[in-house]
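Structure, as structure tokens:
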Amino acid sequence: MAKDATVSEDLANKFATEKETPYTRWVRDEGLDIISSFYVENLHTAELKPWPRRGGKGVYLNHDASRTSNDCYVCEIPAGKSLTPQRQLYEEMIYVLDGRGSTAVWNDAGKRIQFEWRAGAIFAIPLNCWHQHFNGSGGEPARYVAVTNAPVIINAYGDIGFVFNTRYDFKDRFDGEPEYFANKGEQKGLLLDTNFVADAINLPLFAAKERGAGGGHTRFSMAKGSMNSHISQFPIGTYKKAHAHGPGAHVIVLSGEGFSLMWPEGEEPKRYDWREGAMIVPPNMWFHQHFNTGTTPARYLAFKAEGVAIRNAQGVPKAWISKRLGGDQIDYADESPRVKDWFAAALAKNGLETRMGEAYQAELPDLPPKRSRAA
């Protein structure tokens, strides 16, 4: 694995005053922990602490560059209770892990909508709208995981009162539209323009051959925000192409069983096993690759900031473009032969065999020629 670049105390002390930020001070003042995470085995059981201001429990599970992009937190709503109403000048996307309940959203003009959700739902909070989450069960807590761009906003303004108490309605984002959180949307290429998905685990997906393995893919634009998300699925006995991108993609496993490899270029991969409820957060420009070793299709949800998508001049994420063309995706033909061996061994433990032969052949007609060393 990559060296952690530890330096002398003398050099570290020269940057000591820059280590803490308005954002990290705010989380500390909330009474919560920030746990440095690029792998969480089970979001359902992640340990939480009381969150007095919100009226629930929580923990922040942040990646290596969260101070400059986005963050992640898990929150639990007590049985029969609700969280305290909140508004904020940062964006937030939510996936419901456990339980059922409802959320009310309203603005200063008095436009108010309330909608119901249960485990498996995805939605986003419109910018600077008041919102309140309610647990619909009197006997069990409800739990969700959220990704926000709070670090950027809090660090930019440094004034917590301004971030959480500014009276302004972004009417182009939310103006009380009756079907704002309806479970429907308009398809635009791979993009589903919607603000609410009731069942992410069973949502039909679009074909996306570029990522390999004959999988499905759907991208989301929610609450007219700058943050984005997508769902990806790949069949039994297959795996995705390795790729790299910017920091802050939170990959939440929705179904299936398998493992991921992650590595900085030029170093050995490390394996992380997963099943439903796990989260993988690849560090900045680390290659990563997802493998389905279970008996059902594997599906994951990725919440991320736009900065993750390093794009070419045509607007295409370089993580979708072959390294042979100057992108950041490794074609099957160029991956290490050990990848196939590792995958076959993992499948054998479950009595399965690889189904990758067709995927290897499918990429050959469109495989770009290898770039010369001088290119």
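The values are calculated or read from the model by the stated rules, or taken from the named source; none is laboratory data. If you're wondering where the values come from, they're calculated on a predicted model, not measured in any experiment. Positions of Cβ are generated from backbone atoms using ideal geometry, with glycine treated the same way; all protein chains shown enter the neighbour counts. Each accessible area value is taken on the protein alone, full model and side chains, heavy atoms only, with ligands, DNA and RNA left out. Shrake-Rupley method; radii C 1.70, N 1.55, O 1.52, S 1.80 Å.
Among the residues that make up the range 43-62, is at least one of them within 27 Å of Phe164 (Cα to Cα), of a type in the set (Asp, Glu) and either surrounded by fewer than 16 Cβ atoms within 10 Å (Cβ to Cβ) or free of Cβ contacts under 8 Å to residues at least 12 places away in the same chain (or both)? Yes - at least one qualifying residue is present in the range 43-62.
Please enumerate the residues belonging to the range 64-84 that are open to solvent by 20 Å² or more (accessible area, probe 1.4 Å) and assigned to a strand (DSSP E or B). Hits for the range 64-84 are Glu76, Ser82. Every condition in (1) modelled with pLDDT of 95 or more; (2) among the β-branched types (Val, Ile, Thr); (3) open to solvent by less than 20 Å² (accessible area, probe 1.4 Å) holds for Thr218 except the one numbered (1). Taken over the range 1-42, the residue count meeting the criterion of being open to solvent by less than 70 Å² (accessible area, probe 1.4 Å), at pLDDT 90 or above and over 23 Å from Met262 (Cβ atoms) is 10. Take the residues in the range 221-242 that are farther than 21 Å from Gly256 by Cα and modelled with pLDDT of 90 or more, then tell me which one is nearest to the chain's Cα centre (by Cα). Looking at residues that are farther than 21 Å from Gly256 by Cα and modelled with pLDDT of 90 or more, I get Met227.
Residues are listed down the side, and each one gets a yes or a no for (1) over 19 Å from Glu91 (Cβ atoms); (2) touching a strand residue (DSSP E or B) at 6+ places or on another chain (Cβ under 7 Å):
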{"position": "Asn183", "(1), (2)": "yes, yes"}
{"position": "Lys188", "(1), (2)": "yes, no"}
{"position": "Leu192", "(1), (2)": "no, yes"}
{"position": "Asn195", "(1), (2)": "no, yes"}
{"position": "Asn202", "(1), (2)": "yes, no"}
{"position": "Leu205", "(1), (2)": "yes, yes"}
{"position": "Gly215", "(1), (2)": "yes, yes"}
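Each row is one residue, and each column tells you yes or no for (1) free of Cβ contacts under 8 Å to residues at least 12 places away in the same chain; (2) among the aromatic types (Phe, Trp, Tyr); (3) under 18 Å from Thr238 (Cβ atoms).
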site	(1), (2), (3)
Ile310	no, no, no
Gly315	yes, no, no
Arg324	no, no, no
Pro337	yes, no, yes
Lys340	no, no, yes
Phe343	no, yes, yes
Ala346	no, no, yes
Lys349	no, no, yes
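If you go through the range 227-265 and keep only what is open to solvent by 10 Å² or more (accessible area, probe 1.4 Å) and either without any contact (Cβ under 8 Å) to a residue 24 or more places away in the chain or on the phi > 0 side of the Ramachandran plot (or both), you end up with Gly256, Glu265.
Inside the range 149-178, can you point out the residues that are charged (D, E, K, R) and in contact with a Pro (Cβ under 8 Å, 6 or more places away or on another chain)?
In the first step, residues of the range 149-178 are kept if they are charged (D, E, K, R); the result is 159, 167, 169, 171-173, 175, 177.
Within the range 149-178, Arg173 is the sole residue that qualifies.
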